[in-house]
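Read through the structure below, which is laid out as structure tokens, and then see the notes.
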Amino acid sequence: MEIRAEKYSVVYDPDNAVVHCNGALLLNGAKEYEPILQLLNAAANGQKDNLTINLCDLKFLNSSGINMVTRFIINVFDVEALDIALTIKGQKKVAWQEKLLKNLQRLAPNLNTMLD
Amino acid sequence: MVQTFGEFIEIQPKQGEYLTIGFSPSCRPLKERWQNNGLSADFIAEYFRVFFIGKLMDLAKEEEKVVLSNIKDTVKYVANELLENAMKFQNESLPFTAKIGLSLYDDKLVFCVTNCVDEQQVEPFQQFIQSLLNEDPQELYFKTMRSNALGSDNNRSGLGLLSMICDYSAKLSWKFETIQTPPVTVVTTMVLLEIY
């Protein structure tokens, strides 16, 4: 399962239970982010034990993108209450990724965050 | 009539280093301009990145690279969010050119975005500004994230403005100006980032 566009890609690798996000995500509102949200939700539903969302190669995420990620996190932990260990991975030296991970963990204390 | 919210500073005449880009509503449909938001924000961020190089001489080369990259990301994020809001709420039926300007000072960066809005958007926007200025922004940020996640798509969620305040310590202020008869409301959003 993957979404590839000129400026970004979101690729689900089911064997390694990881979703790789690459490039710059500057889409217009929840409607344009819907396919990515669907991919993330499908990946979470498709895994029994764990899933990692790797943001290390993501260069940019606008606030609608932040909104989409929070929707996904709330869906996994609160709406569907899935029994999987969800990890979001980012880079320590990229300030926005560090802030995003901190915010997401405050939003969902059971979320694992990993800063490389 | 002019109304200001927050600590709005008039920056006139233009001084020092500044850059302004204008967007005419009659030139291109919104969809195509949406792609331009990122390009404009990228250009602004890259343009101003150069001015920070001399300021970071105390840092080791690798550390300087990381700090510069984070400054660039911050400028790009703020510029892009302001442009997205301006494009989203610009009243396209009026021949008014939306503008983004960035001014560089020794101790701060000041972003100014000007666009005109529909009259019916003025009151809800001002109510949102009042809650931004009067409530705890961190609490409001998380409350907004949660309500956005559980509710439907909220066009005026304000998450971008809240993230500027909470994640980038930005100071926000606004000026609402009625400029014509019948009244047309022009909104200027100012974002001030202190340079450390």
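The values are calculated or read from the model by the stated rules, or taken from the named source; none is laboratory data. Since the structure is predicted, the reported quantities are computational estimates derived from the model, not experimental observations. All Cβ positions, glycine included, derive from the backbone under ideal geometry; neighbour counts span all protein chains shown. The accessibility values were calculated without ligands, DNA or RNA, using every heavy atom of the protein model including side chains. Shrake-Rupley method; radii C 1.70, N 1.55, O 1.52, S 1.80 Å.
Residues that are open to solvent by 30 Å² or more (accessible area, probe 1.4 Å), assigned to a helix (DSSP H, G or I) and out of contact with any Ser or Thr (no Cβ under 7 Å at 6 or more places or on another chain) were ranked within the range B:112-125; the one that is nearest to B:LEU162 (Cα to Cα) is B:PRO124. How many of the residues making up the range B:54-80 are open to solvent by 20 Å² or more (accessible area, probe 1.4 Å) and touching a strand residue (DSSP E or B) at 6+ places or on another chain (Cβ under 8 Å)? So the count comes out to 3. Assess whether A:ASN41 counts as being modelled with pLDDT of 95 or more and either touching a Cys at 6+ places or on another chain (Cβ under 7 Å) or open to solvent by 40 Å² or more (accessible area, probe 1.4 Å) (or both). Taking the combined requirement at face value, the residue does not satisfy it. Looking across the range B:56-84, the residues that are within 12 Å of the chain's Cα centre (by Cα) and either modelled with pLDDT under 85 or among the β-branched types (Val, Ile, Thr) (or both) come down to B:THR74, B:VAL75, B:VAL78.
Against the list (1) closer than 24 Å to B:SER173 by Cα; (2) at pLDDT below 90; (3) open to solvent by 20 Å² or more (accessible area, probe 1.4 Å), the condition B:MET87 fails is (3). Yes or no: the range B:149-166 includes at least one residue that is in a helix (DSSP H, G or I), in contact with a Ser or Thr (Cβ under 8 Å, 6 or more places away or on another chain), within 14 Å of chain A (Cβ to nearest Cβ) and farther than 24 Å from B:ILE71 by Cα. Yes: the range B:149-166 contains one or more residues that are in a helix (DSSP H, G or I), in contact with a Ser or Thr (Cβ under 8 Å, 6 or more places away or on another chain), within 14 Å of chain A (Cβ to nearest Cβ) and farther than 24 Å from B:ILE71 by Cα.
Within the option set B:LEU133, B:LEU162, B:LEU94, B:LEU109, being crowded, with 18+ Cβ neighbours inside 10 Å, among the hydrophobic types (A, V, I, L, M, F, W, C) and touching a residue at least 60 places away in the same chain (Cβ under 8 Å) holds for one residue only, B:LEU109. Every condition in (1) within 14 Å of chain B (Cβ to nearest Cβ); (2) over 25 Å from B:ALA41 (Cα atoms) is met by A:ASP83 except one, and the failing one is (1).
Residue check: is A:ASN22 more than 10 Å from chain B (Cβ to nearest Cβ), touching a Leu at 6+ places or on another chain (Cβ under 8 Å) and open to solvent by 20 Å² or more (accessible area, probe 1.4 Å)? So A:ASN22 fits the description; yes.
The rows are residues; the columns are (1) part of a loop (DSSP other than H, G, I, E, B); (2) touching a Gly at 6+ places or on another chain (Cβ under 8 Å).
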| site | (1), (2) |
| --- | --- |
| B:GLU139 | no, no |
| B:ARG146 | no, no |
| B:TRP174 | no, yes |
| B:THR181 | yes, no |
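State whether one or more residues within the range A:3-10 are farther than 20 Å from B:CYS166 by Cβ and either small (Gly, Ala, Ser) or touching a Phe, Trp or Tyr at 6+ places or on another chain (Cβ under 8 Å) (or both). Taking every residue of the range A:3-10 in turn, at least one turns out to be farther than 20 Å from B:CYS166 by Cβ and either small (Gly, Ala, Ser) or touching a Phe, Trp or Tyr at 6+ places or on another chain (Cβ under 8 Å) (or both).
A count restricted to the range A:105-116 and to residues that are more than 9 Å from chain B (Cβ to nearest Cβ) and either within 23 Å of A:ASP78 (Cα to Cα) or of a type in the set (Ser, Thr, Tyr) (or both) stands at 8. Of B:LEU19, B:LEU82, all but one fail to be within 14 Å of another protein chain (Cβ to nearest Cβ) and not in a loop (DSSP other than H, G, I, E, B); the exception is B:LEU82. Against the condition part of a strand (DSSP E or B), within 14 Å of another protein chain (Cβ to nearest Cβ) and crowded, with 17+ Cβ neighbours inside 10 Å, how does A:PHE72 come out, does it pass? It is false that A:PHE72 is part of a strand (DSSP E or B), within 14 Å of another protein chain (Cβ to nearest Cβ) and crowded, with 17+ Cβ neighbours inside 10 Å.
Applying the condition of being in a strand (DSSP E or B) and either within 14 Å of chain B (Cβ to nearest Cβ) or closer than 28 Å to B:GLU81 by Cα (or both) to the range A:42-69 and asking which residue is nearest to the chain's Cα centre (by Cα) yields A:ILE53.
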